[in-house]
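A.B. asks: Right, I'll just put the structure down here and ask away after.
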Amino acid sequence: MHSVLAPHMTIPRFIGSEIYRNSSYGGYHPLRVPRVSTVMDLSRALGWLPAAQYVNSPRAKPAALHSFHTPTYVTALLKAEAEQQVSAATRKRHGLGTQDNPVFAEMFRRPATSAGGALLAGELLRGGGVIYLPGGGTHHGFPDRANGFCYLNDPVLAIQSLRRNGAQRIAYVDIDAHHPDGVEHAFADDPDTLLISTHEIDRWPRTGALHDCGVGQVFNLPLPKGAHDDDMALARDDLILPAVGAFHPDAIVLQCGADAVQEDPQSQLAMSNQSHWAIVAALRRMAPRYLVLGGGGYNPWSVGRLWTGVWATLNGIAIPDELPPAGQAVLTDLRWEGQRRVKTPPPHWLKTLRDRPRHGAIADQLRNDVALLAGRLRTWV
């Protein structure tokens with residue numbers, strides 16, 4: 001496959017790590033599935049990830065996390081990993097050792113690797129460029145507690161790092177099925193950070209209502225259950241792109257959670273992966289610094305295919321209609337242990353990256369909500 005990037009454009013870099021390959025939150029947790037390792041393996045099988053573009057993620061040191069997380073919490077997280085247990089007091093205060101945020105072998109090292117990648121990304125983007133960090137996107141973490149599978153908040157740390165390295169105005173766009181409550185907590189009152197989130201209505205954490213707007217740089221668009229490609233295209237063209245364009249950011253951070261697609265078990269949205277790729281491509285030229293993160297995604301085939309397509313999109317690589325045998329072999333080898341609903345993956349999960357488009361009628365309520373936010377944007381601008 002050949003890249004169609006213009007000669008003057010910076011070659012994107014992929015920050016990854018082998019820590020994700022055999023790390024699991026546990027046999028019954030949604031994050032028991034392989035994700036980042038699939039993207040690495042599939043991208044390499046397709047010849048899309050040469051060594052020159054790959055960066056091994058460092059692990060953030062505890063002190064580096066204190067710009068957002070409290071020292072008490074970071075110490076508790078380190079202790080929980082070392083002892084592989086938590087006290088009732090730690091569970092209550094810090095949200096560790098719960099069903100959502102269980103004790104597991106790499107419970108500090110794995111999120112600290114994502115955080116280290118986020119911190120490094122800000123440094124590498126000092127002079128501009130494009131970086132992909134699929135292990136990132138843990139947008140629910142709070143300063144003093146784990147939340148929603150997120151032990152550390154690497155999007156917040158990435159924004160802070162970008163700012164330390166010269167980016168003043170930063171646009172954060174989040175297209176995960178879940179609202180980024182931790183990121184909004186950090187930046188809702190920061191006039192130099194634009195926050196835009198599309199997320200399923202009445203889906204945990206049940207924050208991000210339409211009228212939640214901070215000091216004016218926060219745009220939350222709850223999407224109806226069953227939202228499809230045409231719904232997301234409306235949000236993209238009438239809200240996301242106009243808001244980012246009017247903000248004139250020095251950097252864009254896109255949280256590209258893969259749980260808004262139809263096959264994902266953790267939402268009732270119904271998009272194809274083409275919706276995500278279109279947003280990735282549209283934001284590509286809107287700021288000199290561009291960081292794309294992962295996020296949610298709990299079907300190993302759909303998340304692996306979507307995030308590999310993100311990497312292709314960032315590189316301007318044409319996605320084939322059918323994968324070559326080496327690519328199909330990566331997808332065929334995936335397993336979804338503990339999942340009863342999918343015994344045999346459908347053929348297109350194994351042979352292709354691109355979903356078929358998922359079109360539909362756009363509800364009047366969504367049109368009205370987008371128009372309301374667009375009207376607020378015009379007032380804000």
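The values are calculated or read from the model by the stated rules, or taken from the named source; none is laboratory data. Keep in mind that this is a model prediction, so the values were computed, not measured. Note that we place each Cβ from the backbone using ideal geometry, even for glycine, and neighbour counts take in every protein chain shown. Heads up: the accessible areas ignore ligands, DNA and RNA and are worked out on the full protein's heavy atoms, side chains in. Shrake-Rupley method; radii C 1.70, N 1.55, O 1.52, S 1.80 Å.
A.B. asks: Would you check which residues across the range 14-28 are open to solvent by less than 30 Å² (accessible area, probe 1.4 Å) and at pLDDT 95 or above and list them?
C.D. replies: Within the range 14-28, F14, I15, G16, S17, Y20, Y25 qualify.
A.B. asks: A further question on this structure: Exactly one condition in (1) farther than 18 Å from S275 by Cβ; (2) touching an Asp or Glu at 6+ places or on another chain (Cβ under 9 Å); (3) surrounded by fewer than 20 Cβ atoms within 10 Å (Cβ to Cβ) is not met by P224; state its number.
C.D. replies: Exception for P224: condition (1).
A.B. asks: With respect to the numbered conditions (1) in contact (Cβ under 8 Å) with a residue 40 or more places away in the chain; (2) touching an Asp or Glu at 6+ places or on another chain (Cβ under 8 Å); (3) open to solvent by 70 Å² or more (accessible area, probe 1.4 Å), which one is the sole condition not fulfilled by L372?
C.D. replies: Going through the list (1) in contact (Cβ under 8 Å) with a residue 40 or more places away in the chain; (2) touching an Asp or Glu at 6+ places or on another chain (Cβ under 8 Å); (3) open to solvent by 70 Å² or more (accessible area, probe 1.4 Å), L372 breaks only (2).
A.B. asks: Can you tell me how many residues in the range 280-304 are under 17 Å from W48 (Cβ atoms) and free of Cβ contacts under 8 Å to residues at least 60 places away in the same chain?
C.D. replies: Residues that pass the stated criteria total 2.
A.B. asks: Sticking with this one: If I ask for residues that are surrounded by fewer than 24 Cβ atoms within 10 Å (Cβ to Cβ) and polar (S, T, N, Q), which ones from the range 116-170 would you list?
C.D. replies: N147, Q160, N165, Q168
A.B. asks: Check the range 136-150 and report whether any residue there is outside any strand (DSSP E or B), acidic (D, E) and touching a strand residue (DSSP E or B) at 6+ places or on another chain (Cβ under 7 Å).
C.D. replies: For the range 136-150, residues outside any strand (DSSP E or B), acidic (D, E) and touching a strand residue (DSSP E or B) at 6+ places or on another chain (Cβ under 7 Å): absent.
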